[in-house]
1. So which residues in the range 326-376 are among the charged types (D, E, K, R), more than 8 Å from ligand 2 (Cβ to nearest atom) and exposed (fewer than 14 other Cβ atoms within 10 Å of the Cβ)?
2. Looking at the structure I just gave you, is D215 under 22 Å from S124 (Cα atoms), surrounded by fewer than 21 Cβ atoms within 10 Å (Cβ to Cβ) and touching a Pro at 6+ places or on another chain (Cβ under 7 Å)?
3. Can you pull out every residue in the range 109-120 that is under 10 Å from N224 (Cβ atoms) and either among the aliphatic types (A, V, I, L, M) or in a loop (DSSP other than H, G, I, E, B) (or both)?
4. Since P147 meets every condition but one in (1) in the same structural domain as F182 (by TED's automatic domain parsing); (2) modelled with pLDDT of 95 or more; (3) farther than 19 Å from A190 by Cβ; (4) within 16 Å of ligand 1 (Cβ to nearest atom), which condition does it not meet?
5. For the range 79-98, indicate whether the set of residues that are over 20 Å from I142 (Cβ atoms), in contact (Cβ under 8 Å) with a residue 24 or more places away in the chain, surrounded by 18 or more Cβ atoms within 10 Å (Cβ to Cβ) and of a type in the set (G, A, S) is non-empty.
6. Among the listed residues I172, I180, I203, I208, which satisfies the condition of being crowded, with 24+ Cβ neighbours inside 10 Å and within 12 Å of F123 (Cβ to Cβ)?
7. Quick one: is G197 free of Cβ contacts under 8 Å to residues at least 24 places away in the same chain and either among the β-branched types (V, I, T) or assigned to a loop (DSSP other than H, G, I, E, B) (or both)?
8. Please verify whether S297 is surrounded by 15 or more Cβ atoms within 10 Å (Cβ to Cβ), polar (S, T, N, Q) and in contact with a Cys (Cβ under 7 Å, 6 or more places away or on another chain), treating the condition exactly as stated.
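The values are calculated or read from the model by the stated rules, or taken from the named source; none is laboratory data. Quick caveat: nothing in here was measured; it's all calculated off a predicted structure. Please note: Cβ atoms are built from the backbone with ideal geometry, for glycine as well, and neighbour counts cover all protein chains shown.
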Amino acid sequence: MSRKFTKREFIRYTLLGSGALVGLSGMRLFGSTLSSSSPGGVQGGVWRWSKEARYYVPTPRGMRCQLCPNECDIKEGETGDCRTRVTENGKMYSIVYGNPCSIHIDPIEKKPLFHFLPQSRAFSVATAGCNLACLNCQNWQISQKSPKETRNYDLMPEKLVQKAARNNCDSIAYTYSEPIVFYEYMYDSARKAREQGLRNVMISAGYIKERPLRDLCKYIDAANIDLKSFSNDTYMRLNAGDLDTVLRTLKIMKEEGVWLEITNLVVPEWTDDIAMIRRMSQWLYKKGFKDVPLHFSRFSPMYQLNHLPATPVSVLKKARQAALEEGLNYVYVGNVPGTEAENTFCPSCGEQVVSRRGYHILENNIKNGKCGYCDARIPGVWQ
Ligand code: SF4
Ligand SMILES: [Zn+2]
């Protein structure tokens with residue numbers, strides 16, 4: 001379903017930055033001021049606060065977005081399902097370019113990425129919008145909103161990269177909501193970050209078409225992709241997506257050489273069937289993902305699933321046990337600090353090579369990418 005975005009609103013929005021930016025001058029970020037005083041309006045033929053979209057084709061019904069499988073037909077003055085794309089004067093624009101609504105510095109372990117630059121700092125950004133509609137969304141205050149409804153920063157790619165470098169971050173993380181819907185912003189920022197020696201990580205539900213994904217992979221160093229369930233029906237009812245697209249995303253990212261980790265949120269009554277988790281683990285093993293870390297994450301009641309209990313720790317342990325039995329080598333439990341399932345064990349000698357507590361590393365016995373006890377290789381990007 002498309003939301004209306006009138007021409008007047010579009011012009012006002014693009015001229016002023018975003019409505020949300022008005023009154024933001026003086027907003028502080030990590031000790032420096034993010035200015036909202038840059039002039040809006042046309043610069044070099046494009047609107048400063050919006051950017052022509054990269055993947056769309058004209059059809060008799062308007063512009064058809066080719067970024068994700070929703071393939072929205074967006075007529076003049078309308079927005080796509082993700083609330084971030086509009087059609088105006090026969091062109092499609094992203095209206096979240098350079099306008100993140102959320103910025104933080106996080107430990108990389110929070111993403112979660114456990115086998116990628118441990119204990120490094122990730123400069124994390126998100127804009128409003130999402131192309132899915134998960135009933136259990138943890139970030140619904142931004143993901144299920146239009147950028148017109150959020151307070152946004154003025155942070156074009158050059159400035160984003162500068163901020164990340166000045167704050168001693170090793171990477172930029174495109175995260176929190178769904179980076180696919182701010183594709184153009186992520187792509188341009190990632191390219192510039194790469195030039196400056198910074199890495200790029202994407203935390204995503206992986207609901208994207210093949211061409212844009214392959215183009216993006218050139219600049220993405222690591223990703224954590226949600227594999228929300230192993231059932232098409234559940235994907236449709238819980239997330240408004242489909243399983244096959246996400247499985248294809250995993251295969252493409254692996255082929256393209258992106259360091260990959262997977263998160264499976266175990267939601268009571270929806271995705272806590274251990275037989276399904278076993279089938280998912282079998283598929284991962286069979287398709288060559290046995291060394292890809294798999295994080296079972298604990299659900300907390302929220303958004304439209306407020307009435308459900310948190311996932312019992314016993315269910316998470318059973319899920320982990322099933323995945324280990326099916327041959328996966330690195331299986332973790334998230335959002336339950338203090339369990340041994342936060343640690344990395346060497347599949348070769350069984351020793352604990354990394355001890356973690358929450359987002360902290362207590363001990364790291366991986367030397368040059370190898371187990372400090374038996375010298376077996378532990379896959380990951382360690383330096
Ligand atoms: S990215 Fe947004 S506009 Fe494009 S097809 Fe997906 S939901 Fe629709
Ligand atoms: Zn070992």
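1. E340, R357, E363, K367
2. Values: under 22 Å from S124 (Cα atoms): yes; surrounded by fewer than 21 Cβ atoms within 10 Å (Cβ to Cβ): yes; touching a Pro at 6+ places or on another chain (Cβ under 7 Å): no.
For D215, the condition - under 22 Å from S124 (Cα atoms), surrounded by fewer than 21 Cβ atoms within 10 Å (Cβ to Cβ) and touching a Pro at 6+ places or on another chain (Cβ under 7 Å) - is not met.
3. Residues satisfying the conditions are K111, P112, L113, F114.
4. Of the numbered conditions (1) in the same structural domain as F182 (by TED's automatic domain parsing); (2) modelled with pLDDT of 95 or more; (3) farther than 19 Å from A190 by Cβ; (4) within 16 Å of ligand 1 (Cβ to nearest atom), the odd one out for P147 is (2).
5. No: zero hits.
6. On the way: I180 fails: within 12 Å of F123 (Cβ to Cβ); I203 fails: within 12 Å of F123 (Cβ to Cβ); I208 fails: within 12 Å of F123 (Cβ to Cβ).
Just one listed residue meets the conditions, I172.
7. Numbers: free of Cβ contacts under 8 Å to residues at least 24 places away in the same chain: yes; either among the β-branched types (V, I, T) or assigned to a loop (DSSP other than H, G, I, E, B) (or both): yes.
In short, yes.
8. Working: surrounded by 15 or more Cβ atoms within 10 Å (Cβ to Cβ): yes; polar (S, T, N, Q): yes; in contact with a Cys (Cβ under 7 Å, 6 or more places away or on another chain): no.
It is false that S297 is surrounded by 15 or more Cβ atoms within 10 Å (Cβ to Cβ), polar (S, T, N, Q) and in contact with a Cys (Cβ under 7 Å, 6 or more places away or on another chain).
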